[in-house]
1. Between residue 89 and residue 60, how high is the FRET efficiency from 1/(1 + (r/R0)^6) when r is the Cβ-Cβ distance and R₀ = 30 Å? Nearest 0.05.
2. Measuring from label point to label point, each 7 Å out along Cα→Cβ, what is the residue 117 to residue 14 span in nm?
3. Simple spin-label model, 7 Å along Cα-to-Cβ: residue 107 to residue 72 in nm?
């Protein structure tokens with residue numbers, strides 16, 4: 001006899017996932033076709049972590065060209081945008097299934113601290129974008145004496 005740990009929320013999580021897939025398929029289907037091509041409804045998966053001297057963002061962007069990726073640092077925000085285009089190598093009616101998502105995406109991340117914009121570096125290899133955001137020189141706080149009359 002195998003003893004398994006029962007998770008009372010597992011069925012609820014499965015139901016949530018099934019409903020999400022159902023509504024996603026409904027929104028992405030086109031005029032009764034079984035072809036489901038997402039139009040701007042995808043978002044790349046990311047890891048965002050602190051290395052001590054810098055914050056690092058890694059994003060999975062398979063199928064994108066380097067020129068399809070946009071990065072911008074504004075104040076304490078990092079903007080990542082781009083587009084994965086649907087290539088028409090075969091006619092729509094020849095597809096049996098399309099599960100990959102296509103279209104434009106835009107994500108914004110709040111940076112944990114001020115970064116040195118001049119030293120921000122980004123590399124793109126094997127479909128993974130890595131952005132290194134070094135801390136800017138810290139401004140030491142100073143005590144201000146309030147003077148009276």
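1. Details: r = 22 Å, r/R0 = 0.75.
About 0.85, to the nearest 0.05.
2. 5.1
3. Spacing of the two 7 Å Cα→Cβ label points: 1.8 nm.
Readers should treat all values here as calculations from the given coordinates under stated rules, not as data from a laboratory. Here the structure is a predicted model, which means the values were calculated and not measured. All Cβ positions, glycine included, derive from the backbone under ideal geometry; neighbour counts span all protein chains shown.
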